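Structure record follows, encoded as structure tokens.
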Amino acid sequence: MNQKSTHKENSRILGAHLFRANETLGLLMISLLSKLVIVATASSLVSSSATLAQLLPCCEKVAAVEFIQRPALELARADFAIIRWTTYNPGGSDEHFGIVHYGTDPKHLGQTAKSHIRLNRGHSQTIFRVRLSGLEPSTTYYYTVASVDGSGKADGKTSTVSQFVTPGPGEKFVAFPPQSVSKPRRQ
């Protein structure tokens, strides 16, 4: 064999070894990538599972909530209003309801509106917002607020009677954040 053919043979053998090495490395990379995908998928399933997710311990229910911000009108239009208030976290069950008893006579608050809320155990305060629907324009309404847990047990405190006046047709009043009454534009 001459030197040229020996060189060709060596190159062919080396090429075959490199091809097999690349093929083996490729299969190894695919195998590693597959394992990584399986581990990542399994990890995401485990960490997103509600039963395996970390929960904060249940807050002890307080005897009576304390108002941090007294109940106040957040927004009013001619036919609805939103009442807002903030208390310290009442504790107990995560499921709670903000309740507003209201009416046009301060001695007879015969209508009730309630709004579901889920307590955040990591926060010391809870903001309640309740929408009152079916209101009449340019009418004075009186109301009290309270909150109850998911089973209907009161959180122990009802506000004093407050009042607001619904705006006229086409007007709105935004009190939170503080703003003035807005009236429709005339063209």
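In segment 84-107, the residues that are farther than 18 Å from Phe67 by Cβ reach residues that are among the β-branched types (Val, Ile, Thr) and part of a loop (DSSP other than H, G, I, E, B) with C-beta atoms within less than 7 angstrom, at least six apart or across chains, in these pairs: Thr104/Thr139; Pro106/Val161. What about Ile99, is it crowded, with 19+ Cβ neighbours inside 10 Å, modelled with pLDDT of 95 or more and touching a Pro at 6+ places or on another chain (Cβ under 8 Å)? No; evaluated as a whole, the condition is false for this residue.
Residues in segment 152-169 that are among the basic types (Lys, Arg) and either within 22 Å of Thr104 (Cα to Cα) or surrounded by 14 or more Cβ atoms within 10 Å (Cβ to Cβ) (or both): Lys157 only. For segment 108-126, name all the residues that are free of Cβ contacts under 8 Å to residues at least 60 places away in the same chain and assigned to a loop (DSSP other than H, G, I, E, B). Result: Leu109, Gly110, Asn120, His123, Ser124. Counting only residues that are closer than 12 Å to Gly103 by Cβ and touching a residue at least 40 places away in the same chain (Cβ under 8 Å), segment 140-165 holds 6 of them.
The values are calculated or read from the model by the stated rules, or taken from the named source; none is laboratory data. Computed from a predicted model, the values in this text were never measured in an experiment. Please note: Cβ atoms are built from the backbone with ideal geometry, for glycine as well, and neighbour counts cover all protein chains shown.
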